[in-house]
1. Going through segment 97-115 one residue at a time, which ones are assigned to a helix (DSSP H, G or I) and open to solvent by less than 30 Å² (accessible area, probe 1.4 Å)?
2. Could you check segment 123-138 and list, in sequence order, the residues that are open to solvent by less than 20 Å² (accessible area, probe 1.4 Å) and either under 22 Å from K182 (Cα atoms) or of a type in the set (S, T, Y) (or both)?
3. Restricting the search to segment 29-82, which residues are open to solvent by 30 Å² or more (accessible area, probe 1.4 Å), assigned to a loop (DSSP other than H, G, I, E, B) and of a type outside the set (A, V, I, L, M)?
4. With respect to I93, determine if the residue is farther than 15 Å from F132 by Cβ and modelled with pLDDT of 95 or more.
5. Taking interchain pairs and intrachain pairs at least six residues apart, which have beta carbon atoms under 9 angstrom, with the first residue in segment 63-92 and without any contact (Cβ under 8 Å) to a residue 60 or more places away in the chain and more than 15 Å from L38 (Cα to Cα) and the second open to solvent by 90 Å² or more (accessible area, probe 1.4 Å) and in a helix (DSSP H, G or I)?
6. Just to be sure I understand the filter: pairs with C-beta atoms under 8 Å, separated by 6 or more residues or on different chains, first member in segment 142-161 and closer than 16 Å to R218 by Cβ and in a loop (DSSP other than H, G, I, E, B), second member open to solvent by less than 30 Å² (accessible area, probe 1.4 Å) and of a type in the set (V, I, T). Which pairs pass?
7. Which condition number in (1) part of a helix (DSSP H, G or I); (2) crowded, with 23+ Cβ neighbours inside 10 Å is the one that D120 fails?
8. Give me the pairs: first residue in segment 16-41 and under 16 Å from L217 (Cα atoms), second residue of a type outside the set (S, T, Y) and open to solvent by 50 Å² or more (accessible area, probe 1.4 Å), beta-carbon distance under 8 Å, and six or more apart or on different chains, which are they?
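The values are calculated or read from the model by the stated rules, or taken from the named source; none is laboratory data. None of these values were measured; they are calculated from a predicted model. All Cβ positions, even for glycine, are placed from backbone atoms using ideal geometry, and neighbour counts span all protein chains on display. Surface areas here come from the heavy atoms of the whole protein model, side chains and all, with no ligands, DNA or RNA. Shrake-Rupley method; radii C 1.70, N 1.55, O 1.52, S 1.80 Å.
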Amino acid sequence: YRHQPENMAAVPVAAREATQRAYFDILRRHASLEGEYLELGPDIGLFVRLCAEKGRFSNLHLFEPNRDVHWALAECLAGQSIHISRDPYQRGILPKGSLSTVVLIHVLDHLIDPAGLLRDLYDDLAPGGTVFIVTHDEASLLARLLGKRWPPYALQHPQLFSCHTIKQLLERCSFVVLESTKTRNYFPVMHLVRSFLTIFGLESLAPRFDHPLTLSLRLGNIATVARKAP
């Protein structure tokens, strides 16, 4: 993870920004958007930039192991009070009970012990604090249609969740789940065509040209919002 390309690098930034705005619209229904913000794996900062622009956060704590994107993070958050670390997040780095909002976008899927991380975050959240999580949805229609060809079935995903199992996990870690919903993702139509052909080993037939049309689809991700009890 320390030297991987930025997330979804093959998708134009405009489409990725639209997806992050859809995620943000879910978070803003439940969070005050103020206080101390923590994000694990913020990548190039598309989501945290929205939070900084639309919210009133006093500090932004960003734990990103990929050092190659730190410059992009710092650039997009110029003028904000930010703290960027390449080291893993651990309980005790920040004052206990200090966080108002925690964001984990495609993070839990990659962890061997997601429950351990969630319990640490629970301790560092203030009473009533919010955690926002995006994961792949192993119960999605796309996963059922593609079977073993579904791209998230990969070694870098030791965990996969459904709305039911992510809710169970959060409740075991003492969180109160407020919402778990399928998300909309935005993709250029030709990117979808090329991806579909590649999945079935037909990449040689993939068109080399692009088209400006972008589609909004529910393609196998879920967003979950939970809260620490007041």
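1. Hits for segment 97-115 are L108, D109, P114, A115.
2. Of segment 123-138, the ones open to solvent by less than 20 Å² (accessible area, probe 1.4 Å) are 124-125, 129-135, 137.
Of everything in segment 123-138, those that are open to solvent by less than 20 Å² (accessible area, probe 1.4 Å) and either under 22 Å from K182 (Cα atoms) or of a type in the set (S, T, Y) (or both) turn out to be T130, V131, F132, I133, V134, T135, D137.
3. If the condition is that a residue be open to solvent by 30 Å² or more (accessible area, probe 1.4 Å), assigned to a loop (DSSP other than H, G, I, E, B) and of a type outside the set (A, V, I, L, M), then R29, H30, S32, P65, G79, Q80, S81 are the ones that fit.
4. no
5. none
6. Qualifying pairs under 8 Å: none.
7. Here D120 meets the rest and fails (2).
8. What qualifies is R16/N7; R16/M8; T19/R184; A22/R184.
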